[in-house]
Structure formats: C-alpha cells, structure tokens
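Participant: One structure follows; several queries about it will come next.
The values are calculated or read from the model by the stated rules, or taken from the named source; none is laboratory data. Owing to the predicted nature of the structure, the values given are computational and were not obtained by experimental measurement. Virtual Cβ from ideal backbone geometry, glycine too; neighbours counted across all protein chains shown. For accessibility, only protein heavy atoms count, side chains too; no ligands or nucleic acids. Shrake-Rupley method; radii C 1.70, N 1.55, O 1.52, S 1.80 Å.
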Amino acid sequence: MGNYNTIQGGKGYVKRSKRKKLAIDDSLNKPVPTHDGIKSVMADNLCNFSTNSDLCICMVTWNMNGQVSYEDLVELFGNNRGFDLLVVGLQEVPRKDLARLLQDALVDTHELLGVATMQSLQLYVFGTKNSYMFVEEMKVDKHGVGGCGGMRRRKKGAVAISINYKGLKLVFITCHLSAHARNVEERNSQCRHISHSLFSKYCNNPYTTPAHITVWLGDLNYRLQGINTHPARNLIHRNLHKLLRSKDQLLQEAERGQIFNGYCEGTIAFKPTYKYNIGSSNYDTSYKVRVPAWTDRILFKIEDPNKITANLHCYESVDDIYSSDHKPVRAHLCLKVHK
C-alpha cells in the first residue's frame, strides 16, 4: 500500500519548501530526484456542493479521550451535509456502541458503508442514502504498532478502508501514533511500517491498481520542536499561531524526506488542537503544562493530478466540542475527474 507518488495541488497550491535533495521513495524502493515534503493547499471555503465536482468528501479526525455524546457528534458533522462521502477517523474511542451513535446522528442524510476497527482506533465511511449501489469493492485492514494504555484502551497503529466508489479507488487510513515530543523517529518509523503493511497481501496481484486518492487522518502525535510552552502559548493568545508552523515536527520530518513525500495538507490556520483542559478551551494547566501542538491532522495525495483535480474547501478545527483534551479536525475535499 502507500504509493508515495508525487502530487500537484490544484487551486491554491503552495509549496512549503523549495529545498531539493536526493531522497529514497521507500514504497517504490528506488531513488527519486527531489523531495518536496508536504505541500500546503489553501482552503477556499467556497464549495456549495454544486455539480461542478464528481465527488465531495468530508473527513473528520478526533481523539475522543474515552468520552462522547450524541450532541458532540451532531456538532462534529455540522448542518451542511451535502457531501457524498463522510469519513470519520476516531482514536481513544469509549466503550460504547459508537457505530449506532454515529448512525443516529446521521440518520436523516447518510448511511454506513464501511467500518474498520482495532479496539479504540476506529474508522467509518458513510455515504448518502442508497449510495451503496455505487460501491464496487471494499477492503479493510489494520496494523498495530504498540500496546494499550489504561482503561481507555489507547491502541496505537492504524486501520484502513479501501473502497471503489463510482469508479474511483479511495484509500482512507486513520492512525494513532506514539506520544511525546522526543519520539519523532519512532513516529516516522511507524508511518513507514503502516504504509508498507496495509493491504500488502494484495500487492502481488497483477490486477491490483493503485489508489486514485489516499488520505491519512488521525492523531499523528507530532509536536512542536524548539519552543517552550509559555512562548508558544503567548503567540497563540496573540493569534500569531501561524508562526509556530515552522516548529511543527510533522512538516520538519516531511521536509527532511522521512515521511509523506508529495502529500498535501490544508494550510494550518487554526490553533493547535492539543492539549486542552477537558470541558474548556484552555490549554493544559496540569503540572506537566504541555506545549500545545497540532497532533491531529488530515493529509491527502492524488495519484495522477492530470486525471483528477482536488480542491480543498475547508480545513479547520471544531472548537465548540469540549469533552476531550483534543479538538476535532475537519476537511472538505472535492474531486473532479478529467474524462
């Protein structure tokens, strides 16, 4: 799995780095001349679910910290539900029938098409009513990279769904990687192992085709590097958090050629999504006083941008949910297939 083919963003495309160097594309096991890192795509906030797109996808990732309510899920999905597919990646899921809660929250507009779970790590794909008729094939897979922690079953690893929908092969991966700022190399290694392991049993099938689009969403757990908590919080308080993007470990490691070559991400305009005091919008006031970080991310890659144009219409945190120490992150991506 995990074709690390280069991607070219559509409208609003901006490169995060102009630095070029020889890198190894691990998934293809051959040299590539440059490494572009993660490319930033400006969200235009203009989508009205018109017929200009062939497929509109809403994607949500949330570390639930073992808590959930029906009201939170309603807030999570919003009122404008004209998207074709809804992809929900969840970490630290509570011991509840979450599938039923999700279906109850979406009963008027969407139905469950697929689910992949590994204890507290869960992934759901919903489609509009009667959209199951557009599903030609679906596979699920999982890959664990660590143990569990405590009563909340904090399973680390990834679960994935590969779905052929309206003739497009889509792969969605939700993950929960190792915590703590010091474990950067461990997270890098986990990303690579997950990418190489998922759906690997199909790789030798000559009829297997690469995904048209691959999406990673989850608690990747990358932190801020080289800044202490009080200077970071001061910038956030002054609405200057964009200055912290240069300290983001995920972007740094991608630029070094370690992970996610050629993937795209929306330009981060929202505040760091971790760690909050539960029940508030205040950052951690425990004795640890953690440095805020963008641990929760959504990345995507188009296999052939000459055949498919991807327009990002939103990339945002959902700040009005207070039951977890993480804020959810939501993205809205529309695809246009060139005949």
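Participant: Determine, yes or no, whether His230 is surrounded by 21 or more Cβ atoms within 10 Å (Cβ to Cβ) and not basic (Lys, Arg).
Facilitator: no
Participant: Sticking with this one: Give Lys201, Lys271 a once-over and let me know the one that is part of a helix (DSSP H, G or I) and open to solvent by 20 Å² or more (accessible area, probe 1.4 Å).
Facilitator: Being part of a helix (DSSP H, G or I) and open to solvent by 20 Å² or more (accessible area, probe 1.4 Å) holds for just one of Lys201, Lys271, which is Lys201.
Participant: Let me ask something else about it. Starting from the stretch 177-191, keep only residues that are open to solvent by less than 50 Å² (accessible area, probe 1.4 Å), then list their pairs with residues that are assigned to a helix (DSSP H, G or I) whose Cβ atoms are within a distance under 7 Å, requiring at least 6 positions of separation or different chains.
Facilitator: Leu177/Arg187; Leu177/Gln190; Ser178/Glu186; Ser178/Arg187; Ser178/Gln190; Val184/Gln249; Val184/Glu253; Asn188/Glu253
Participant: Also, I was wondering about something else. Scan the stretch 243-256 for residues that are open to solvent by 20 Å² or more (accessible area, probe 1.4 Å) and either in a loop (DSSP other than H, G, I, E, B) or in contact with a Pro (Cβ under 8 Å, 6 or more places away or on another chain) (or both) and jot them down.
Facilitator: Arg256
Participant: Let me ask something else about it. For the stretch 275-298, which residues satisfy the criterion of being open to solvent by 20 Å² or more (accessible area, probe 1.4 Å) and outside any loop (DSSP other than H, G, I, E, B)?
Facilitator: Across the stretch 275-298, the qualifying residue is only Tyr283.
Participant: Here's something else I'd like to know. For Cys47, indicate whether it is at pLDDT below 95 and either closer than 29 Å to Lys166 by Cα or outside any helix (DSSP H, G or I) (or both).
Facilitator: yes
Participant: Could you list all residues from the stretch 95-110 that are open to solvent by 10 Å² or more (accessible area, probe 1.4 Å) and out of contact with any helix residue (DSSP H, G or I) (no Cβ under 7 Å at 6 or more places or on another chain)?
Facilitator: Hits for the stretch 95-110 are Arg95, Lys96, Asp97, Ala99, Arg100, Gln103, Val107, Asp108, Thr109.
Participant: Applying the selection to the stretch 315-339, what residues are crowded, with 17+ Cβ neighbours inside 10 Å and not in a loop (DSSP other than H, G, I, E, B)?
Facilitator: Residues satisfying the conditions are Tyr315, Glu316, Ser317, His326, Val329, Arg330, Ala331, His332, Leu333, Cys334, Leu335.
Participant: Here's something else I'd like to know. Which members of the stretch 155-167 meet the condition of being in contact with an Asp or Glu (Cβ under 8 Å, 6 or more places away or on another chain) and either of a type outside the set (A, V, I, L, M) or over 20 Å from Trp62 (Cβ atoms) (or both)?
Facilitator: Ser162, Ile163, Asn164, Tyr165, Lys166, Gly167
Participant: Here is a further query. For Asn65, indicate whether it is open to solvent by 10 Å² or more (accessible area, probe 1.4 Å), in a loop (DSSP other than H, G, I, E, B) and among the polar types (S, T, N, Q).
Facilitator: no
Participant: Report, by residue number, each residue of the stretch 216-227 that is open to solvent by less than 30 Å² (accessible area, probe 1.4 Å) and more than 20 Å from Lys155 (Cα to Cα).
Facilitator: Correct list: Leu224 only.
Participant: Any residue in the stretch 131-148 that is more than 30 Å from Asn188 (Cβ to Cβ), open to solvent by less than 60 Å² (accessible area, probe 1.4 Å) and not hydrophobic (A, V, I, L, M, F, W, C)?
Facilitator: Yes, the stretch 131-148 contains at least one residue that is more than 30 Å from Asn188 (Cβ to Cβ), open to solvent by less than 60 Å² (accessible area, probe 1.4 Å) and not hydrophobic (A, V, I, L, M, F, W, C).
Participant: For the stretch 76-89, does any single residue satisfy the condition of being part of a helix (DSSP H, G or I) and either under 19 Å from the mean Cα position of the chain (by Cα) or under 23 Å from Val135 (Cβ atoms) (or both)?
Facilitator: yes
Participant: Among the residues of the stretch 90-107, which ones are part of a helix (DSSP H, G or I) and among the aliphatic types (A, V, I, L, M)?
Facilitator: Matches in the stretch 90-107: Leu98, Ala99, Leu101, Leu102, Ala105, Leu106.
Participant: Next question, about the same structure. Can you tell me which residue in the stretch 299-308 is farthest from His326 (Cα to Cα), limited to those that are under 19 Å from the mean Cα position of the chain (by Cα) and not in a loop (DSSP other than H, G, I, E, B)?
Facilitator: Selected residue: Ile302.
Participant: Now for a separate question. Could we say that Ala211 is touching a Lys or Arg at 6+ places or on another chain (Cβ under 8 Å), surrounded by fewer than 18 Cβ atoms within 10 Å (Cβ to Cβ), outside any helix (DSSP H, G or I) and in contact (Cβ under 8 Å) with a residue 60 or more places away in the chain here?
Facilitator: no
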